[in-house]
Protein chains: 2
Amino acid sequence: MLKTLIQNAEIITMNKSDDIVYGDILVEDDRITAIGTLGDIPVDKIIDARRKTVLPGFVQTHIHLCQTLFRGRADDLELLDWLKLRIWPLEAAHDSDSIYYSAMLGIGELIQSGTTTIVDMETVHHTDHAFQAIEQSGIRAVSGKVMMDYGDDVPSGLLENTSDSLDESVQLLEKWHNRANGRIQYAFCPRFVVSCTEDLLVQVRDLSNQYHVHVHTHASENRGEIALVEAQRGMRNVVYLNHLGLANERLILAHCIWLDDEEKEIIRTRGVKVTHCPGSNLKLASGIAEIPQLLDAHCHVGLGADGAPCNNNLDMFQEMRLCALIQKPIYGPTAMNARTVLRMATMGGAEIIGQEDTIGSIEVGKKADIIMLDLNDFHVYPSFDVDPISRVVYSATRSDVVMTMVDGKVLMEDRRLHTVDKDIVLREANDAIARLQKRVNV
Amino acid sequence: MLKTLIQNAEIITMNKSDDIVYGDILVEDDRITAIGTLGDIPVDKIIDARRKTVLPGFVQTHIHLCQTLFRGRADDLELLDWLKLRIWPLEAAHDSDSIYYSAMLGIGELIQSGTTTIVDMETVHHTDHAFQAIEQSGIRAVSGKVMMDYGDDVPSGLLENTSDSLDESVQLLEKWHNRANGRIQYAFCPRFVVSCTEDLLVQVRDLSNQYHVHVHTHASENRGEIALVEAQRGMRNVVYLNHLGLANERLILAHCIWLDDEEKEIIRTRGVKVTHCPGSNLKLASGIAEIPQLLDAHCHVGLGADGAPCNNNLDMFQEMRLCALIQKPIYGPTAMNARTVLRMATMGGAEIIGQEDTIGSIEVGKKADIIMLDLNDFHVYPSFDVDPISRVVYSATRSDVVMTMVDGKVLMEDRRLHTVDKDIVLREANDAIARLQKRVNV
């Protein structure tokens with residue numbers, strides 16, 4: 001058994017009583033086994049946390065690792081143009097190598113900036129190589145291949161037969177679900193209603209029930225998308241998904257900006273999970289989701305950066321700050337305070353994937369997904385008598401993260417990554433996008 | 001003469017043709033004297049810029065250094081509550097020591113994150129000590145003491161006699177204006193209309209004309225403020241300032257969120273300068289300024305973080321990103337593209353203070369206010385064939401700045417500050433706010 005002691009920390013626990021405690025955390029293998037003033041106990045490794053702030057790692061509930069290579073290649077477009085003119089042709093040009101380095105580039109950024117768990121959506125092909133990157137890097141992930149068996153303007157490299165899409169999804173599920181000490185889980189990822197036949201969606205429902213895994217898709221992100229769904233299916237997004245029997249507590253819907261009252265009520269009563277992506281929603285000119293309303297109705301809402309080409313970071317500090325700030329002119333200055341936002345970024349995310357008993361807070365018995373911040377710098381000072389949660393949400397930035405631990409393993413220490421080789425990944429990412437660009441005309 | 005050569009850089013010049021060039025920059029004393037492939041010329045100092053991106057330092061046109069100590073002490077309040085319940089009592093409790101370390105704390109953050117010029121507004125008293133910090137730190141600044149001779153709920157420590165306010169302003173101006181090789185300039189800073197008698201504003205107008213210095217104030221930030229101005233003066237903010245003869249090219253108005261058509265027309269025809277503060281405007285629930293409209297009308301708009309307690313950073317990367325993102329759901333995805341925003345953050349800011357011939361771009365003959373970014377990291381990659389301006393505006397962060405030069409002097413190199421001692425400033429800032437807090441009841 002590997003014992004690690006995090007010593008003398010300011011600990012933002014994110015437990016039910018919002019306790020902030022000063023002391024030590026004992027980690028045995030993958031679990032937190034004690035919190036408090038633990039003294040000098042024999043351990044294998046000590047992490048000195050004096051003058052440091054320790055909190056649960058961030059859970060980002062909507063990420064596309066396969067798009068990280070496309071950062072900066074699709075600026076200033078609306079969703080449907082962004083997909084058709086840039087992202088779909090680029091995704092169609094991926095090979096296994098470019099998928100692997102796209103994932104590693106994204107994971108490097110995520111671990112560096114304190115995200116320990118992601119809900120990820122890959123592209124149609126080569127998803128095995130994204131899972132390899134996830135496995136090697138040590139990040140916690142719920143991921144799956146995207147499913148697309150319908151729609152205009154879909155490049156031939158992405159458009160699938162329904163049965164091939166389902167078969168490949170099940171193969172990936174059987175290979176990767178619950179692998180790496182449960183750190184990796186599979187989710188079915190139909191892209192969005194306009195990319196999927198009803199047959200596909202119905203079979204995804206049955207498979208999700210059979211395997212007890214999540215369904216991760218996009219819904220109500222863009223008004224053009226909603227109009228398409230209504231024209232094709234005669235119903236709005238969430239109503240349609242409910243009509244097909246997909247609306248339950250295993251359904252994760254990214255964006256949910258333009259919900260009507262009926263859709264909000266379905267989300268509330270069926271326990272559907274929502275992911276808020278403020279950065280992406282602004283950059284793609286999609287709109288501002290009514291998050292305070294959803295939280296007031298006790299809906300489950302997580303937070304995610306979406307993909308690099310629509311953000312252009314995968315940085316939970318940016319998303320937390322945006323999530324708080326953009327609602328205030330609409331709902332008033334107390335809307336989305338720092339505590340509410342930090343809860344969404346940690347326990348809220350854990351609830352989205354049904355892992356609230358396992359991750360999302362620093363409590364005895366939970367998995368050791370822990371990050372450490374050094375908040376001794378100009379931009380987060382003074383520290384004297386300032387709410388630590390305000391410092392984390394409103395002032396801290398990605399570079400304040402000095403240590404990231406997932407499942408009890410230190411993935412970054414003293415700002416140096418242990419499982420992702422920065423020099424290699426940056427070089428190979430550039431080479432991969434240079435080769436990919438030759439295969440595509442965008 | 002001190003000669004510095006910045007070698008082998010990617011140079012985002014921000015000149016009129018938006019040139020991005022690869023090569024060297026020669027700095028002689030405070031000036032840029034050559035740009036291009038300069039080879040091995042004899043110099044005193046070489047800055048190796050291989051694989052680095054060099055651009056003009058950011059110009060933030062609305063900052064309150066005196067408030068940096070209050071970071072995290074006034075979250076989640078609207079403007080007038082924020083002022084009356086927190087900021088005014090805190091400002092009234094300042095002493096010379098707390099003003100000095102508040103300024104140094106802010107300047108440390110600004111230099112670290114690539115801001116080389118600020119338009120600053122201090123509090124009523126102790127402004128000499130803010131100027132001392134500005135002088136010692138090497139940052140370029142237009143600053144002045146705030147003027148407040150009117151209003152309810154103003155703490156007695158801030159409320160001034162009209163003549164005292166004017167006299168102290170003129171004394172500070174005569175001491176500090178054009179000091180330090182012209183790096184320091186004075187501006188008259190009436191706080192906002194509701195804090196000033198008409199007599200004060202009229203005399204400020206005359207003094208501004210007499211000394212040819214800027215007037216820096218707030219206007220149309222908050223609907224409550226606008227209602228107060230209309231009730232007291234019978235006119236809207238900008239109409240009133242124009243009525244008093246203050247609306248000219250030396251007037252700098254922070255915020256300008258709720259302008260009506262008449263006010264926009266005054267700003268346009270009189271050449272009044274506007275500072276956009278997106279972070280602060282969201283955090284104080286003030287609103288979103290109609291910046292694309294103002295730019296379309298060829299108004300001059302700069303960008304600024306405002307004060308630490310309403311942001312909670314002084315970070316131009318955050319402001320640029322917000323400035324771009326928040327307009328897109330309103331005006332569409334192409335509104336406020338990266339080029340427009342970077343221009344606001346550099347040349348746009350220089351124009352606000354009438355220094356467009358001196359700073360704001362990297363051109364021969366201009367002052368050497370230059371920053372260098374290391375964009376070789378996960379969150380700004382790939383680099384291959386990506387627009388450098390997209391990388392700077394949409395992906396880069398404060399910690400990517402590795403070198404900051406103002407007036408030809410290196411203020412930060414290899415991320416280490418030369419003129420601001422971090423350990424001392426952080427410790428003294430904490431001590432100063434601890435003592436200040438004992439003098440006030442908020």
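For A:F58, what accessible surface area do you get with a 1.4 Å probe? Give it in Å², rounded to 10.
That residue has around 0 Å² of solvent-accessible surface.
With a ≥ b ≥ c the root eigenvalues of the C-alpha gyration tensor of segment B:58-352, is it rounded (a/c under 1.5), prolate (a/b larger than b/c) or oblate?
Rounded.
Residues in segment B:251-270 near a label at B:H298, defined as backbone nitrogen under 16 Å from the 7 Å Cα→Cβ point?
B:265-270
Which whole-Hz couplings ³J(HN,Hα) result when phi for each residue of segment B:105-114 is put into the Karplus expression 6.51 cos²θ - 1.76 cosθ + 1.60, θ = phi - 60°, listed in order with x for Gly and Pro?
4, x, 5, x, 4, 5, 5, 4, 9, x
At what distance in nm do the modelled label points of A:D164 and A:K45 sit from each other, each positioned 7 Å from its Cα along Cα→Cβ?
Label at A:D164, label at A:K45, 4.4 nm between them.
In sequence order, what are the phi-derived ³J(HN,Hα) couplings for segment B:274-291 according to the Karplus relation 6.51 cos²θ - 1.76 cosθ + 1.60 with θ = phi - 60°, rounded to whole Hz, with x for glycine and proline?
Whole-Hz 3J(HN,Hα) from phi for segment B:274-291: 10, 10, 8, 10, x, x, 5, 5, 6, 5, 8, 6, 6, x, 10, 5, 7, 5.
Measure nothing but the geometry: give the 0 to 90° angle between the long axis through the Cα atoms of B:162-176 and the longest principal axis through the Cα atoms of chain B, rounded to 10°.
That helix lies at roughly 20 degrees to the long axis.
Could you tell me the accessible area of A:Y150 in Å² (1.4 Å probe, neighbours in place), rounded to the nearest ten?
Only protein atoms counted, so the area is about 90 Å².
With Cβ to Cβ distances under 11 Å as the rule, what net charge do the other residues near A:N281 carry (K, R +1; D, E -1)?
-1
Amide H to amide H, which residues 5 or more places from B:L417 or on other chains are under 5 Å from it, using H placed in the peptide plane?
HN-HN under 5 Å from B:L417: empty list.
For the protein assembly as shown, give me the percentage of DSSP beta bridges that are antiparallel, rounded to the nearest 5 percent.
45 percent
Once amide H atoms are built 1.01 Å from N in the peptide plane, which residues 5 or more positions from B:R31, or in another chain, come under 5 Å H to H?
Hits under the 5 Å cutoff: B:A368.
If I take every Cα pair under 8 Å that is 6 or more residues apart in chain A, average their sequence separation and divide by the length, what percent do I get for the relative contact order?
22 percent
Nearest the rotation axis from A to B, which residue of chain A has its beta carbon, and at what whole-angstrom distance?
That would be A:S399, 2, residue then distance in Å.
Taking the alpha-carbon distance from B:K175 and a cut-off under 16 Å, which lysines remain once sequence neighbours fewer than 8 residues away in the same chain are dropped?
Excluding near neighbours in sequence, the set is B:K145.
Report the Stokes-Einstein translational diffusion coefficient (µm² s⁻¹, integer) for segment A:82-221, Rh taken as the Kirkwood radius over Cα pairs, at 20 °C with viscosity 1.002 mPa s.
The calculation lands on 141 µm²/s.
When all protein chains stay in place, what accessible area (Å², nearest 10, 1.4 Å probe) is found for A:E168?
Surface open to solvent at A:E168 totals about 50 Å².
If each DSSP helix of 4+ residues adds -39,500 (n - 2.57) and the sum is divided by the residues in chain B, what number results at 222 nm, nearest 500 deg cm²/dmol?
That comes out to -9500 deg cm²/dmol.
Taking H placed 1.01 Å from N in the peptide plane, check which residues at least 5 places from B:I46 or on another chain put their amide H under 5 Å from its amide H.
B:L5
Select from B:T115, B:V229, B:M148 the residue farthest towards the positive end of the dipole of chain B; place +1 on Cβ of Lys and Arg, -1 on Cβ of Asp and Glu, and compute about the Cα centre.
B:T115
Where both partners of a DSSP beta bridge lie in segment B:1-145, what percent of those bridges are antiparallel, to the nearest 5?
Of all bridge pairs located within segment B:1-145, approximately 50 percent are antiparallel.
Against the longest principal axis of chain A, how steep is helix A:127-137, in degrees 0 to 90 to the nearest 10, with axes from Cα atoms?
So the inclination is approximately 0 degrees.
Which of the pairs A:K367/B:K422; B:K16/B:K367; A:K264/B:K84; A:K264/B:K328 have their Cα atoms more than 28 Å apart in this structure?
From the list (A:K367/B:K422; B:K16/B:K367; A:K264/B:K84; A:K264/B:K328), the Cα-Cα distance tops 28 Å for A:K367/B:K422; A:K264/B:K84.
Taking a label point 7 Å from Cα toward Cβ, how far is A:S163 from its twins in the other copies, in nm, shortest first?
9.8
How large is ³J(HN,Hα) for each residue in segment B:196-210, as worked out from phi by the Karplus curve 6.51 cos²θ - 1.76 cosθ + 1.60 (θ = phi - 60°), to whole Hz, x for Gly and Pro?
10, 6, 5, 4, 4, 5, 5, 6, 4, 3, 5, 5, 4, 5, 5
How far is helix B:422-438 tilted off the main Cα axis of chain B, in degrees rounded to 10, range 0 to 90?
Taking Cα atoms only, the helix is inclined about 10 degrees.
Which length gain, in nm to one decimal place, applies between B:Y331 and B:L38 when the Cα-Cα distance is subtracted from 0.36 nm times their residue separation?
That pair, B:Y331 and B:L38, stretches by 101.1 nm at full extension.
Compare the peptides B:7-13, B:402-408 by average per-residue count of other Cβ atoms within 10 angstrom and give them in order, highest first.
B:402-408, B:7-13
In peptide A:279-292, how many Cβ atoms from other protein chains are near each Cβ within 10 Å, on average?
Mean shielding count: 3.
The values are calculated or read from the model by the stated rules, or taken from the named source; none is laboratory data. Computed from a predicted model, the values in this text were never measured in an experiment. Cβ atoms come from the backbone with ideal geometry, glycine included; neighbour counts cover every protein chain shown. Accessible surface is based on the protein model in full, side chains and every heavy atom, while ligands, DNA and RNA are left aside. Shrake-Rupley method; radii C 1.70, N 1.55, O 1.52, S 1.80 Å.
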